[in-house]
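**Q** Structure below; questions to follow.
The values are calculated or read from the model by the stated rules, or taken from the named source; none is laboratory data. These numbers come from a predicted model, not from an experiment. All Cβ positions, even for glycine, are placed from backbone atoms using ideal geometry, and neighbour counts span all protein chains on display.
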Amino acid sequence: MQTTTDVRDGEETIQTPVEFQAGLWFIGSIRTPWKTRRECPRRGDLDGPVCRIVVDEPWRRALQGLGRHSHLQVLYWMHEARRDLVTQKPNHTGVASGTFTIRSPNRPNPIAVSIVEVVEVHDDGVSVRGLDCLDGTPLVDLKPETCPHDRARPGGG
């Protein structure tokens, strides 16, 4: 399907299924400073730049109460990733490994999750720190992070 990266020596592809078994809606998009995959950090950093998550109009009422949370899980679709690699050879290791054993964006269902810090909630989205995706990445979902480090904010908007 989409092939924005070459297959390297030691990597293996498969023929992907023709039909999908489920559907989803993108609920918005993510604005970041990174325009290419090479520029993206390998992991998000809570000390990194402020990024903006923009939620599309039909879903904006779902932001109500988001300000009560200090951290969120952001699920997003890595739209430039390959979906046919079953083994990959990451540059940082040089060792071929199964796709499910590494954190590469290239996977059968290129869904990523980042734990981010809420900086500010807006009527149309939220500003956060801790993302690691391309500018314009489709947003799949937002969930409050309920790990012990989440310090709920009383009365947050």
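**Q** Would you be able to tell me the number of residues in region 34-84 that are small (Gly, Ala, Ser), within 19 Å of residue 111 (Cα to Cα) and in contact with a Leu (Cβ under 9 Å, 6 or more places away or on another chain)?
**A** 1
**Q** Still on this model: Quick one: in region 17-61, which of the residues that are among the acidic types (Asp, Glu) and in contact with a Lys or Arg (Cβ under 8 Å, 6 or more places away or on another chain) is nearest to residue 141 (Cα to Cα)?
**A** Top of the filtered list is 45.
**Q** Against the condition aliphatic (A, V, I, L, M), touching a residue at least 60 places away in the same chain (Cβ under 8 Å) and surrounded by 17 or more Cβ atoms within 10 Å (Cβ to Cβ), how does residue 7 come out, does it pass?
**A** Considered against the rule, which asks whether it is aliphatic (A, V, I, L, M), touching a residue at least 60 places away in the same chain (Cβ under 8 Å) and surrounded by 17 or more Cβ atoms within 10 Å (Cβ to Cβ), residue 7 comes out as no.
**Q** Quick check on region 126-139. Is at least one of its residues of a type in the set (Gly, Ala, Ser) and surrounded by fewer than 16 Cβ atoms within 10 Å (Cβ to Cβ)?
**A** Yes, some residue in region 126-139 is of a type in the set (Gly, Ala, Ser) and surrounded by fewer than 16 Cβ atoms within 10 Å (Cβ to Cβ).
**Q** Being at negative phi, in contact with an Asp or Glu (Cβ under 6 Å, 6 or more places away or on another chain) and of a type in the set (Val, Ile, Thr) is the requirement here; does residue 36 meet it?
**A** Answer is no for this residue.
**Q** Another question about this same structure. Take the conditions of a type in the set (Asp, Glu) and at pLDDT 95 or above and apply them to residue 145. Does it pass?
**A** No: the conditions fail for residue 145.
**Q** Being free of Cβ contacts under 8 Å to residues at least 12 places away in the same chain and either closer than 30 Å to residue 56 by Cα or not basic (Lys, Arg) (or both): is that true of residue 99 here?
**A** Judged against the criteria, residue 99 is not a match.
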